[in-house]
Amino acid sequence: MPKPASVYYFGTCLVDLLYPKAGLAGMQLIRREGIEVIYPDGQTCCGQPAFNAGYRDEALGVARSLLTCFPRDIPLVVPSGSCGGMIRQHWPELFAGQPEESRVRALAGRTYELTEFLVDVLRISLNDLGEPMKVAIHTSCSARREMGVADRIESLIAQLDKVEVVTQERREECCGFGGSFAVKQADLSGAMVRDKTDALHATGAARVISQDCGCLMNIGGALEKQESSLETQHIAEFLLERSS
Amino acid sequence: MRESRESILRRLRANRPQAAAAPPVYRHSTGWNRERRIGEFTERMQAVRGEVHRLGRGQWVDWINREMPTRGLHRALVGSSAIGRRFAAGAAKEIELNRYDRTIESWKAQLFHDIDFGITGSLAGLAESGSLVLWPDAEEPRLLSLVPPLHIVLLEAERLFENFAQLIDVQRWTDGMPTNALLISGPSKTADIEQTLAYGIHGPKALITLILE
Amino acid sequence: MNQTAAFHRRIDEALRNDQLRQNFRSALSGIQSRREAQFPDDAQLQALREQSRQVRANALIKQPELLEQLEEKLLANGIRVHWAETPEQANATIHGLLKAAHARLVVKGKSMVSEETGLNHYLEQRGIEVVESDLGEFIIQLAGEAPSHIVAPAIHKNRREVAELLHKHYPEIPYTEDIDQLTQSARQILREKFAQADAGISGVNFMVAETGTLCLVENEGNGRLSTTTPRLHIAITGIEKVVEKLSDVPPLLEILTKSATGQAITTYFNMISRPRQPDELDGPEAVHLVLLDNGRSRIRVDEELLDTLRCIRCGSCINYCPVYVQLGGHAYGTVYPGPIGIALEPQRIGLDQVGSLTSACTLCGACGQVCPVEIPLPRLINRLRAEAVDARRTTSSLIGRGSLRKPNEAGLWKLWRLLYSHPRLYRLFSFAATRLRRLTPRRLGGWTDYRSAPMPARQSLRELAREEGFPHA
């Protein structure tokens, strides 16, 4: 698609409260390309936590509220593979038979995960201003498998010529977050994130970059608990920090 | 039983899921010529420790006569097929010839303990998967290719097909299936301990294909 | 509800067993790389998956007609067909057949359906010796365990454990940890059983309606021996295994062996259409097929859940599951473990019979991505979660709908909905959460056993966006 004049930005509930700087960085990256970024005030959550826990009525109630934030026919950009995947893949199912179904399908068709939007629509070009650094990429399962955009984060980082990317063993394996999974199956989730942080440590990277704050909260929280010096960062902040 | 049948079928009939188009027939052609088919077959068979030799049509009896004794294998088993008769006629004196000419029940222990190798023909070979296709029958019974520790199979080079789909199609298998049809792709093997490949668990420990040209 | 508690206890045990986790990690990594080597071209893989999906979907749509056609062909070929709605019926039928044949020793090829019915136990209680002849099944039979994987039943044991087990049961065989020698020992032990067995029992991978043919896929030859050496062969399988045409078999066979074990083809593909004919010298004189329903016809009623029945039991979903690799199969406490187990078992035996089984999944999607017949496993698992907490949702035929609904949890989600569907309320909440961030609890249940607690930022993104001059409507 051609570059739009304006886009909606859905920051997601996790980013809004816990990682606002990552969310803001995404908005700044898009604005830097001359595009108006609209952050609708009434936005809250896409409904995914309830949807994945089986509470579909509750998910629908919340999704319905969010839907009203995006009335115009402009792209919707989401700095998260799982929330983007929720809107693109699961909203049509959630809203099936509801009066909003056709609107939801149309919105799903113009919803982009942030890195996907930067690469596919804006064809952003980056000039690396940072110091040499070794990073590992953790692509979220939803960005990889639900949205099929795993290669976008890789191609963005590949544009940064002072950044060396190192690959973790079993890079496609889930970090063990899984939303309510991390609470309901805490020990299992703990074992999974331990394997993930071990694999990340083994790469010798200084920083772990991901397009999903859910994974970052899980992996970053575990690293902090382990008193590791390995840092975590959202791709938007990383790109904004290093490039012009 | 009758009741179970009826209630299962009734439940299944009561609900017919939305019909979808029947799948297209699976067919993919590699376009491999004869030499390539032989090469592919051989490579795949060898990859699973199958032994493959190319021989002139009239050489196989001599080959077995010569080769088996050097491996310490003497006790042969053949069926009453043309292949079995031919081997029986030409077997060397070092070979102890056994014929599979009576029902299994009357000599099971002997079959399980006193045979070194069995010789059979094959209906076809499949290049893409490295498989031999057998239709055992009264003349070459099923256990002839299964119980002896070594199985020697003759394969006519011109019967080497690309793959299973092609074979079923060309030979019109749907016109009538035999009691037992087999694809054999190597000696018996297992990976049930630590996913480590070990050969010769229940069936033949070794498989020799003699491609006849 | 102590299924949930029991499930968590098994999970705890599994997570504490480092040896077990190592065994699984190394075995599964190996299977994954072998599978991937079989599919070098993604486009070809996707075409084969789509073909296979269509073959299985078509067979499920036409299932009643295909089963009748199959039965008719099998009968014409001389194979007797028995229908069983329940495991008990299947076991009783098989026992009846064995008793009539005065069978005392039975050799068995691998069959997950017989695990569903608990057949071995049933027959042993009635004085029949049952010997599992697949090496993996033989090992776990010696150990008195259930399979921990549907394709590799003894995957949880390492060579030392196998060696000890064999030595314990067969002290006359010198102790060894050499896998080739262990394999040869098993060969010797089991050959005697094959030579003496009165009957063979096997599973079935595909049944071809068009020709009346039972297809068995295996590497070891024990399947062939079990179905050829004894006078009586009884096959048991689920009613969903029927396919329409013989030409449906090659794609399924190819994707099954490549997906399951990373082999272009297995050593043996055994197609049985008849018992021994009058002029033939071996093969069973009688062949019987037991068709088990056990919930399958009920699953088929639902247009979405029906996809579960496409499964060809390759185990790929299990091999790629990041949860299974931590736990192994026994922790699930079900016949079928891993993603297919989470999707199938609640449907087969009831949502109320499996505790919190559906929670053992991060919905990461790895299973759905590798499934050779494109079963949307994460979507099915998500659906089952919904059915488990909300009995009103659908008119589906699932048993135990709403059985996991807990008033306090449901109440929390209602509260969550209230908060997140009223932007003003949410803003108040986010203002409070950011301003009182220092009061965020430092311990958050199990989360903080492994991670630090997340802390809200000083200002929400909404506030930052405004400060940075982004339009907000």
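The values are calculated or read from the model by the stated rules, or taken from the named source; none is laboratory data. All figures in this text were calculated on a predicted structure; none of them were measured in a lab. Note that each Cβ is placed from the backbone with ideal geometry, even for glycine, and that neighbours are counted across all protein chains shown.
Some observations on this one:
- Here A:Cys69, A:Cys45 are screened, and the one residue that is facing chain C (nearest Cβ under 7 Å) and part of a loop (DSSP other than H, G, I, E, B) is A:Cys45.
- Selected residue [out of contact with any helix residue (DSSP H, G or I) (no Cβ under 9 Å at 6 or more places or on another chain), within 21 Å of A:Phe51 (Cα to Cα) and polar (S, T, N, Q)] from C:Asn408, C:Asn382: C:Asn408
Conditions tested, residue by residue: (1) touching an Asp or Glu at 6+ places or on another chain (Cβ under 6 Å); (2) without any contact (Cβ under 8 Å) to a residue 60 or more places away in the chain; (3) more than 10 Å from chain C (Cβ to nearest Cβ); (4) surrounded by 24 or more Cβ atoms within 10 Å (Cβ to Cβ).
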{"residue": "A:Gly34", "(1), (2), (3), (4)": "no, yes, yes, no"}
{"residue": "A:Val37", "(1), (2), (3), (4)": "no, yes, no, no"}
{"residue": "A:Ala63", "(1), (2), (3), (4)": "no, yes, no, yes"}
{"residue": "A:Met86", "(1), (2), (3), (4)": "no, yes, yes, yes"}
{"residue": "A:Phe95", "(1), (2), (3), (4)": "yes, yes, yes, no"}
{"residue": "A:Ser102", "(1), (2), (3), (4)": "no, yes, yes, no"}
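- Within the stretch A:15-29, the set of residues being touching a strand residue (DSSP E or B) at 6+ places or on another chain (Cβ under 9 Å) and surrounded by fewer than 24 Cβ atoms within 10 Å (Cβ to Cβ) comprises A:Lys21, A:Ala25, A:Gln28.
- In the stretch B:113-126, the residues that are touching a residue at least 60 places away in the same chain (Cβ under 8 Å) and within 11 Å of another protein chain (Cβ to nearest Cβ): B:Leu126
- Pick from the stretch A:194-213, criterion surrounded by fewer than 24 Cβ atoms within 10 Å (Cβ to Cβ) and either among the hydrophobic types (A, V, I, L, M, F, W, C) or in contact with a Phe, Trp or Tyr (Cβ under 6 Å, 6 or more places away or on another chain) (or both), ranking: nearest to A:Ile137 (Cα to Cα): A:Ala205
- Verdict on C:Ile265 being within 9 Å of another protein chain (Cβ to nearest Cβ), at pLDDT 95 or above and farther than 23 Å from B:Val133 by Cβ: no
- In the stretch C:225-239 there is no residue matching the filter, namely being in a loop (DSSP other than H, G, I, E, B) and either modelled with pLDDT under 95 or at positive phi (or both).
- Residue count for the stretch A:120-157 satisfying the condition of being among the charged types (D, E, K, R) and assigned to a loop (DSSP other than H, G, I, E, B): 2.
- Test: C:Glu13 is within 21 Å of C:Ile349 (Cβ to Cβ) and surrounded by fewer than 17 Cβ atoms within 10 Å (Cβ to Cβ): no
- Test: C:Ser273 is surrounded by fewer than 24 Cβ atoms within 10 Å (Cβ to Cβ), farther than 30 Å from B:Thr103 by Cα and over 23 Å from the mean Cα position of the chain (by Cα): no
- Residue in the stretch C:189-200 that is among the β-branched types (Val, Ile, Thr), more than 25 Å from C:Gln44 (Cβ to Cβ) and buried (at least 24 other Cβ atoms within 10 Å of the Cβ) present: no
- Selection count, the stretch C:83-125, where residues are under 29 Å from B:Glu6 (Cα atoms), over 26 Å from the mean Cα position of the chain (by Cα) and not hydrophobic (A, V, I, L, M, F, W, C): 2
- Members of the stretch B:83-107 that are within 14 Å of another protein chain (Cβ to nearest Cβ) and touching a residue at least 12 places away in the same chain (Cβ under 8 Å): B:Gly84, B:Asn98, B:Arg99, B:Tyr100, B:Asp101, B:Ile104
- Scanning the stretch B:21-55 for residues that are surrounded by 15 or more Cβ atoms within 10 Å (Cβ to Cβ) and either among the polar types (S, T, N, Q) or in a helix (DSSP H, G or I) (or both) gives B:Arg37, B:Ile38, B:Glu40, B:Phe41, B:Thr42, B:Arg44, B:Met45.
- Taking the stretch C:152-188 as the range and being under 26 Å from the mean Cα position of the chain (by Cα) and either surrounded by fewer than 23 Cβ atoms within 10 Å (Cβ to Cβ) or more than 12 Å from every other protein chain (Cβ to nearest Cβ) (or both) as the test, the residues that pass are C:Asn158, C:Arg159, C:Glu161, C:Leu165.
- Of note, A:Arg171 does not satisfy the criterion of being surrounded by 19 or more Cβ atoms within 10 Å (Cβ to Cβ) and within 30 Å of C:Leu28 (Cα to Cα).
- Condition check for C:Ala146: over 30 Å from B:Arg10 (Cα atoms), under 22 Å from the mean Cα position of the chain (by Cα) and either free of Cβ contacts under 8 Å to residues at least 40 places away in the same chain or more than 11 Å from chain B (Cβ to nearest Cβ) (or both): yes
- Residues of the stretch C:3-32 that turn out to be in contact with a Cys (Cβ under 9 Å, 6 or more places away or on another chain) and more than 11 Å from every other protein chain (Cβ to nearest Cβ), as a count: 0
- Any chance C:Asn91 is modelled with pLDDT of 95 or more, out of contact with any helix residue (DSSP H, G or I) (no Cβ under 6 Å at 6 or more places or on another chain) and among the polar types (S, T, N, Q): no
- Only one of B:Gln110, B:Gln18 that is within 14 Å of chain C (Cβ to nearest Cβ), without any contact (Cβ under 8 Å) to a residue 24 or more places away in the chain and part of a loop (DSSP other than H, G, I, E, B): B:Gln18
- Set A:Asp120, A:Asp128: member being more than 19 Å from A:Cys46 (Cα to Cα), within 17 Å of the chain's Cα centre (by Cα) and of a type in the set (Asp, Glu): A:Asp120
- Index of the failed condition, B:Gln166 passing every other in (1) surrounded by fewer than 20 Cβ atoms within 10 Å (Cβ to Cβ); (2) in a loop (DSSP other than H, G, I, E, B); (3) more than 7 Å from chain C (Cβ to nearest Cβ): (2)
- Which listed residue, of C:Gly118, C:Gly96, C:Gly136, is over 30 Å from C:Leu377 (Cα atoms) and without any contact (Cβ under 8 Å) to a residue 60 or more places away in the chain: C:Gly96
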